[in-house]
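Engineer: One structure, pasted below without further comment.
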Amino acid sequence: MNAVARERYQTGISGFLSYAGRVLPIALPMLAVTYAIFSDAFAATLSSLPLTFAVLPALNALVCTIAAWHTLQGRGPFASEALTTSLLLLLAFVGTLVSTGLVLNAVVGERSRAFEALAQALKTLKEEAIRDPLTNLYNRRFLRDYLSRELMRAAREGIRVAVIMIDLDRFKRVNDTAGHAAGDFVLTEIATLLKRHIRGTDIACRYGGEEFTLVLPNATLQSARRKGEAICSAIREESGRLRGVTASLGVAIFPDHAAEPAPLLRAADKALYDAKSRGRNQVRIFAHGTDKISPLRSKTAKRAHG
């Protein structure tokens, strides 16, 4: 509405809400509603509301305009002295009700959007707390909690859970000779490779530095070994692109090798470092009941590189 039309409208409303040259007491709320409808703040609020809430005050204003115009012309329902306070009261009530509804809807909508944004922020923070920022794999903190829950579930259901510890061979040489950016590239590529080789029920974690851990629920010792061999072979095949890096892997399984998370991880770690001591680039399996390592060697075991 342009300035001229707005002035005429407001003049008409003022005349409509006057009787015998006096502003009726009931006119004051209606005038407040009128000015609110055309205020910049109200218009800004209105722009974010549903169409229904825009139409209601517009219709209300239209009725007021028509009635006011006819009143000023000396005809219409409000031109006679039969004007009743109840009609004005009803009109003012409707206008106030609509305006109140608009304001409440705007406030509720704003609060709702704020709560949604807060919920999303909390979700993001929670996810970041359990993820490694470089590889986006789960971190060691998540591994500790997850493995504890998974072993309890496995004990109830009578199933096995395999853990595979992975350490990159000669990774330090990459950082020392090519820089940390090259090292980060290798780590992210290894993370991508691990994701390709695990099932939807498995999880991959960055245990720390160049070490990774896989948890394989409902896996047998042989299936875990095959998984380790496949990963070892895949990393070996990518060795040229990964600056000569290979991997040593150790496998342990619940409940055969340990019944608690920490001992199970230690068993896999011991198997891993036996693979290191035997020339790297291979898979070793922990032997139950002792700190010795099973003589079973990976079929893909190769001579240590460099």
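Engineer: Mind checking the full-extension length gain between residue 218 and residue 195? Use 0.36 nm per residue of separation minus the Cα-Cα distance, one decimal, nm.
Structural biologist: Between residue 218 and residue 195, full extension yields an extra 6.5 nm.
Engineer: May I have the extent of the alpha carbons of the range 140-297 along their three principal axes, as whole Å values ordered from largest to smallest?
Structural biologist: Cα spread of the range 140-297 along its principal axes, largest to smallest: 48, 31, 22 Å.
Engineer: I'd like the FRET efficiency for residue 113 and residue 278, computed as 1/(1 + (r/R0)^6) with the beta carbon distance as r and R0 of 51 Å, rounded to 0.05. Provide the component values of the computation, followed by the final result.
Structural biologist: Numbers: r = 60 Å, r/R0 = 1.17.
Using R0 = 51 Å, I get an efficiency of 0.30.
Engineer: If you don't mind, there's one more thing I want to ask. To the nearest 0.05, how large is the calculated FRET efficiency for residue 234 and residue 155 if R₀ is 41 Å and r is the Cβ-Cβ distance?
Structural biologist: Values: r = 32 Å, r/R0 = 0.79.
According to the calculation, E is roughly 0.80.
Engineer: Work out how much length residue 184 to residue 260 would gain on full extension: take 0.36 nm times their residue separation and subtract the Cα-Cα distance, in nm to one decimal.
Structural biologist: 24.1 nm
Engineer: Go through 114-126, 199-211, 154-166 and give me the packing order, highest mean Cβ count within 10 Å leading.
Structural biologist: Ranked by mean Cβ neighbours within 10 Å, highest first: 154-166, 199-211, 114-126.
Engineer: Calculate the dipole size of the range 140-297 relative to its Cα centre from +1 charges on Lys and Arg beta carbons and -1 charges on Asp and Glu beta carbons; express the result in debye to the nearest 20.
Structural biologist: The dipole of the range 140-297 has a size of about 160 debye.
Engineer: I've got another one for you. First measure r as the distance between the Cβ atoms of residue 172 and residue 226, then evaluate 1/(1 + (r/R0)^6) with R0 = 22 Å and state the FRET efficiency to the nearest 0.05. Show your work: numbers first, answer last.
Structural biologist: Values: r = 29 Å, r/R0 = 1.33.
Working from the Cβ atoms, E equals 0.15.
Engineer: Which of the three applies to the range 208-251, rounded, prolate or oblate, going by the alpha-carbon gyration tensor with a ≥ b ≥ c and a/c under 1.5 meaning rounded? It would help to have the intermediate numbers written out before the result.
Structural biologist: Working: a/c = 3.21, a/b = 1.72, b/c = 1.86.
Judged from the Cα gyration tensor, the range 208-251 comes out oblate (a/c at least 1.5, b/c at or above a/b).
Engineer: Shape call for the range 135-178 from the C-alpha gyration tensor, a ≥ b ≥ c root eigenvalues: rounded (a/c under 1.5), prolate (a/b greater than b/c) or oblate?
Structural biologist: It is prolate, given that a/c is not under 1.5 and a/b is the larger ratio.
Engineer: Taking the simple approach of a point 7 Å from Cα along Cα-to-Cβ for both residue 144 and residue 243, what is their distance in nm?
Structural biologist: 3.0 nm
None of the figures in this text is laboratory data; all of them are computed from the coordinates on show. Source: prediction; values computed, not measured. Cβ atoms come from the backbone with ideal geometry, glycine included; neighbour counts cover every protein chain shown.
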